[in-house]
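Peer 1: Following this message is one structure expressed as structure tokens.
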Amino acid sequence: MKETKQLVCISCPMGCRLEVEMEDKTILQVSGNLCSRGIVYANKELTNPTRILTSILPIIGGVEEMVSVKSKTDIPKNRVFECVKSLKGLVLQAPIHVGDVIVKDLCGTGVSLVATKTVLKK
Amino acid sequence: MRNVDVCIIGGGPAGLAAALSARKEGIENILILERETFLGGILNQCIHNGFGLHTFKEELTGPEYAARYVQMVEEASIPVLLDTMVIDISKDKVVTAISPQAGLIQIQAISIVLAMGCRERPRGALNIPGFRPSGIYSAGTAQRYVNIEGFLPGKEVVILGSGDIGLIMARRMTLEGAHVLMVCEILPFSGGLKRNIVQCLDDFNIPLRLSHTITKIHGKYRVEGVTVQQVSLDKTPIAGTEEFVACDTILLSVGLIPENELSRKAGLKIHTTTQGPLVNDRFETSIPGVFACGNVLHVHDLVDWVSQEAEFAGQFAAQFVKLGSQISRLLPIVCGYGIRYTVPTTLCIDSMKTLTTVRFRVTDVFKDYYLDVFVGQVRVSHQKKRIVAPGEMESILFKKHWLDSKTEDEEITILLQKE
Ligand SMILES: Cc1cc2nc3c(=O)[nH]c(=O)nc-3n(C[C@H](O)[C@H](O)[C@H](O)COP(=O)(O)OP(=O)(O)OC[C@H]3O[C@@H](n4cnc5c(N)ncnc54)[C@H](O)[C@@H]3O)c2cc1C
Ligand code: SF4
């Protein structure tokens with residue numbers, strides 16, 4: 001059965017409105033995308049939706065109280081909460097630099113957690 | 001008094017990009033003044049991703065985007081004064097600032113670039129009856145508490161206004177363990193980016209109540225709940241639709257306004273719609289040699305456009321130092337049907353670039369309209385727009401040769417038309 005699904009591409013702030021033509025579970029055509037990332041997004045969103053996780057962690061001995069972090073790449077959408085919960089209780093030590101790996105493997109997703117800010121020693 | 005060629009006020013993404021481009025134009029004597037302890041501006045508290053796809057071709061978080069510019073400014077050895085708050089700019093371009101270390105500082109500049117960003121609309125601007133209990137925050141303040149100071153201001157949250165900061169905070173607080181009950185938007189459409197509605201609300205099943213507002217705040221010392229009510233198109237609450245929602249926290253995300261106390265004091269002409277200074281296509285304000293870019297000029301939803309705009313502003317500020325004023329004849333841009341404002345509002349016919357980006361916002365949601373540009377009576381551009389919405393800044397590349405057909409004192413008009 002043919003159907004058309006409406007999506008909003010969230011890969012960048014342009015937020016293109018995508019029209020995805022599907023037959024059963026296969027994607028026939030994607031339109032409305034301004035760039036090729038839109039097609040990648042539509043495929044992912046309809047099969048295995050993923051998101052980037054961003055959060056903050058407390059840091060000791062630094063010029064700031066908190067350091068911001070993100071998952072290096074996207075993780076499955078339905079594991080976001082679990083991954084956030086796994087960070088509770090984690091406290092870092094200054095200095096931390098942008099890109100430093102904080103957690104090697106977030107809850108077995110194979111994705112690492114990295115710092116997005118540099119916090120130097122006080 | 002210190003003499004500076006290009007003095008930049010504000011060390012956010014706009015100020016940093018302007019400084020870098022002025023340096024690229026060969027200006028040695030640049031100075032950035034920033035009131036905070038760190039460079040980077042508001043981006044430091046925007047820990048979510050979504051920045052820099054256009055500038056760096058990768059998706060960065062706010063702090064990462066800021067860090068890239070800070071590093072470039074450091075590498076270019078551009079002088080910066082931190083903890084330095086500018087308190088006055090005179091018509092002769094004397095900048096007065098204060099800092100705990102240096103006390104009162106005065107700087108004579110040849111060019112000034114205003115890059116002070118914006119601030120949130122104050123709560124007083126909203127007339128919601130009820131006491132003023134604790135538990136009411138602007139969304140940006142809440143963002144600062146959660147992301148910089150690391151504490152959660154409440155557990156049961158109602159957000160008023162669907163601007164981007166409110167949407168981002170709905171997700172942020174949900175991830176931190178709060179329960180976001182709903183986002184109320186008085187308008188029939190959201191003012192935020194579509195992607196934020198998808199990934200901040202839909203992902204977490206947070207309802208977006210369009211055409212709804214808060215008509216009463218309950219609780220004397222701490223917020224205990226709100227009355228939410230549907231509104232008609234003219235924004236008046238509809239009787240009989242009142243609904244009590246228990247909550248302990250209200251976030252207000254009701255818009256940003258350019259930070260222009262300084263500009264007003266300096267006597268700059270201010271745009272009545274954007275609340276930013278009026279500028280021509282060189283980003284030059286009504287005082288020659290004073291330029292503006294970023295959120296102080298008009299509120300942007302995309303930092304990439306801020307950086308791009310600031311790069312031009314820095315370039316023009318540098319040219320002013322080298323060549324003096326480049327302005328002779330200015331041609332006004334008139335907002336026709338559906339156009340709320342444009343930046344710039346005038347074009348310098350003699351010195352304009354072959355391509356100039358004119359940014360604008362529309363007054364309403366329009367589907368399948370044409371964006372037309374007229375020079376006098378002549379239509380010079382006709383572009384189909386599938387959908388445009390007030391929450392998203394639009395732009396058009398204005399081609400200098402469009403003015404070739406111009407006879408005399410004709411205006412430029414930008415408008416939306418059905419066909
Ligand atoms: C919550 C939020 C979410 C956002 N999300 C996105 C997103 O997902 N993607 C995206 O691309 N963009 C996003 N943006 C937009 C982007 O962050 C802004 O457009 C950008 O930061 C504006 O840059 P600016 O330099 O004009 O202002 P700011 O970053 O506000 O910088 C202004 C600087 O000037 C300083 N200053 C002000 N007054 C003075 C004074 N008198 N003296 C000295 N210094 C002064 C301030 O301290 C500040 O550092 C978001 C913005 C916000 C607020
Ligand atoms: S299709 Fe391309 S341009 Fe459009 S939102 Fe997706 S990434 Fe951005």
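Peer 1: For region B:184-227, which positions are over 22 Å from residue B:239 (Cα atoms), open to solvent by 40 Å² or more (accessible area, probe 1.4 Å), within 14 Å of chain A (Cβ to nearest Cβ) and not in a loop (DSSP other than H, G, I, E, B)?
Peer 2: B:202, B:204
Peer 1: Moving on. Checking residue B:69 against (1) of a type outside the set (Val, Ile, Thr); (2) within 14 Å of another protein chain (Cβ to nearest Cβ); (3) open to solvent by less than 20 Å² (accessible area, probe 1.4 Å); (4) in contact with a strand residue (DSSP E or B) (Cβ under 9 Å, 6 or more places away or on another chain), which single condition isn't satisfied?
Peer 2: Among (1) of a type outside the set (Val, Ile, Thr); (2) within 14 Å of another protein chain (Cβ to nearest Cβ); (3) open to solvent by less than 20 Å² (accessible area, probe 1.4 Å); (4) in contact with a strand residue (DSSP E or B) (Cβ under 9 Å, 6 or more places away or on another chain), residue B:69 violates only (4).
Peer 1: Can you name every residue in region B:1-58 that is of a type in the set (A, V, I, L, M), within 14 Å of another protein chain (Cβ to nearest Cβ) and either near ligand 1 (Cβ under 8 Å from one of its atoms) or surrounded by fewer than 24 Cβ atoms within 10 Å (Cβ to Cβ) (or both)?
Peer 2: B:39, B:42, B:43, B:53
Peer 1: Pick from region B:308-354 the residues that are assigned to a loop (DSSP other than H, G, I, E, B) and among the basic types (Lys, Arg): which of them is farthest from residue B:385 (Cα to Cα)?
Peer 2: B:329
Peer 1: Here is a further query. Considering only residues that are loosely packed, with under 15 Cβ neighbours inside 10 Å and in contact with a Pro (Cβ under 8 Å, 6 or more places away or on another chain), which ones fall in region B:323-350?
Peer 2: Passing the criteria: B:325, B:340.
Peer 1: For residue B:307, all conditions in the list (1) more than 14 Å from every other protein chain (Cβ to nearest Cβ); (2) within 16 Å of ligand 1 (Cβ to nearest atom); (3) farther than 17 Å from residue B:347 by Cα; (4) of a type in the set (Ser, Thr, Tyr) hold save one; what is the number of the exception?
Peer 2: Going through the list (1) more than 14 Å from every other protein chain (Cβ to nearest Cβ); (2) within 16 Å of ligand 1 (Cβ to nearest atom); (3) farther than 17 Å from residue B:347 by Cα; (4) of a type in the set (Ser, Thr, Tyr), residue B:307 breaks only (1).
Peer 1: Just checking, does region B:105-121 include any residue being modelled with pLDDT under 95 and open to solvent by 70 Å² or more (accessible area, probe 1.4 Å)?
Peer 2: So far as region B:105-121 goes, yes, one or more of its residues are modelled with pLDDT under 95 and open to solvent by 70 Å² or more (accessible area, probe 1.4 Å).
Peer 1: May I ask you to list the residues in region A:9-61 that are open to solvent by 80 Å² or more (accessible area, probe 1.4 Å) and more than 30 Å from residue A:84 (Cα to Cα)?
Peer 2: Selection gives A:24, A:25, A:26, A:28, A:29, A:34, A:36.
Peer 1: Which of (1) crowded, with 20+ Cβ neighbours inside 10 Å; (2) over 14 Å from residue A:116 (Cα atoms); (3) within 9 Å of ligand 1 (Cβ to nearest atom) does residue B:62 not meet, given it meets every other one?
Peer 2: Residue B:62 satisfies every listed condition except (2).
Peer 1: Would it be correct to say that residue A:93 is more than 21 Å from the chain's Cα centre (by Cα), open to solvent by 80 Å² or more (accessible area, probe 1.4 Å) and within 16 Å of ligand 2 (Cβ to nearest atom)?
Peer 2: no
Peer 1: Just to verify a result, which residue in region B:63-120, among those that are touching a Lys or Arg at 6+ places or on another chain (Cβ under 6 Å) and part of a strand (DSSP E or B), is nearest to residue A:69 (Cα to Cα)?
Peer 2: Looking at residues that are touching a Lys or Arg at 6+ places or on another chain (Cβ under 6 Å) and part of a strand (DSSP E or B), I get B:85.
Peer 1: In region B:376-391, which residues are closer than 11 Å to residue B:412 by Cβ, open to solvent by 30 Å² or more (accessible area, probe 1.4 Å) and touching a strand residue (DSSP E or B) at 6+ places or on another chain (Cβ under 6 Å)?
Peer 2: B:380
Peer 1: Looking at A:59, A:27, which is the one that is in contact (Cβ under 8 Å) with a residue 60 or more places away in the chain, over 18 Å from residue B:53 (Cβ atoms), more than 16 Å from ligand 1 (Cβ to nearest atom) and outside any helix (DSSP H, G or I)?
Peer 2: Only one candidate passes the filter, namely A:59.
Peer 1: Then there is this: Given the residues B:84, B:55, which is the only one that is at pLDDT below 95 and either within 30 Å of residue A:50 (Cβ to Cβ) or over 19 Å from the mean Cα position of the chain (by Cα) (or both)?
Peer 2: The unique qualifying residue is B:55.
Peer 1: Quickly run through region B:228-244 and pick out the residues that are of a type in the set (A, V, I, L, M, F, W, C) and open to solvent by 10 Å² or more (accessible area, probe 1.4 Å).
Peer 2: B:233, B:238, B:239, B:244
The values are calculated or read from the model by the stated rules, or taken from the named source; none is laboratory data. Only a predicted model underlies this, so the values are computations on that prediction, with no experimental measurement involved. Methodologically, a virtual Cβ is constructed for each residue, glycine included, from the backbone with ideal geometry; neighbour enumeration extends over all protein chains shown. Surface areas here come from the heavy atoms of the whole protein model, side chains and all, with no ligands, DNA or RNA. Shrake-Rupley method; radii C 1.70, N 1.55, O 1.52, S 1.80 Å.
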